[in-house]
Amino acid sequence: MKPIVTEKSAGYDSAGVYVFKVESSANKIEIRQAIEELYGVKVKKVNVVSVPQKSRFMKGRKGIHSGYKKAMVFLGKGEKIDIT
């Protein structure tokens, strides 16, 4: 599990929402428990998105950019995670 730091995900920090790239076999309960244990915060809810794989062309050959699972973690009021 590692945080996804983009311009869009950094904008969610003020609302108490953090985005993580997680194991594709992980479910919401496992993600919640891992975040609470790793960062010592109380998780309000977890949304999960499966990002599909995409085909790419490189030097005239077709390849595949593998997909992954992304979790949006909503924290309770006053809770923060220091990602830096």
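The values are calculated or read from the model by the stated rules, or taken from the named source; none is laboratory data. None of these values were measured; they are calculated from a predicted model. Glycine gets a Cβ as well: all are built from the backbone with ideal geometry, and neighbour counts include every protein chain shown.
With respect to (1) touching a strand residue (DSSP E or B) at 6+ places or on another chain (Cβ under 7 Å); (2) in a helix (DSSP H, G or I); (3) in contact (Cβ under 8 Å) with a residue 24 or more places away in the chain, the lone exception for Glu36 is condition (3). Selection of the stretch 39-64 for residues being touching a residue at least 40 places away in the same chain (Cβ under 8 Å) and in a loop (DSSP other than H, G, I, E, B) yields only Val41. Filter the stretch 6-22 down to residues that are modelled with pLDDT of 90 or more and aromatic (Phe, Trp, Tyr) and give me whichever is farthest from Val48 (Cα to Cα). Ranking the qualifying residues of the stretch 6-22, first place goes to Tyr18. If you go through the stretch 4-20 and keep only what is over 10 Å from the mean Cα position of the chain (by Cα) and assigned to a helix (DSSP H, G or I), you end up with Glu7, Lys8, Ala10, Gly11, Tyr12, Asp13, Ser14, Ala15.
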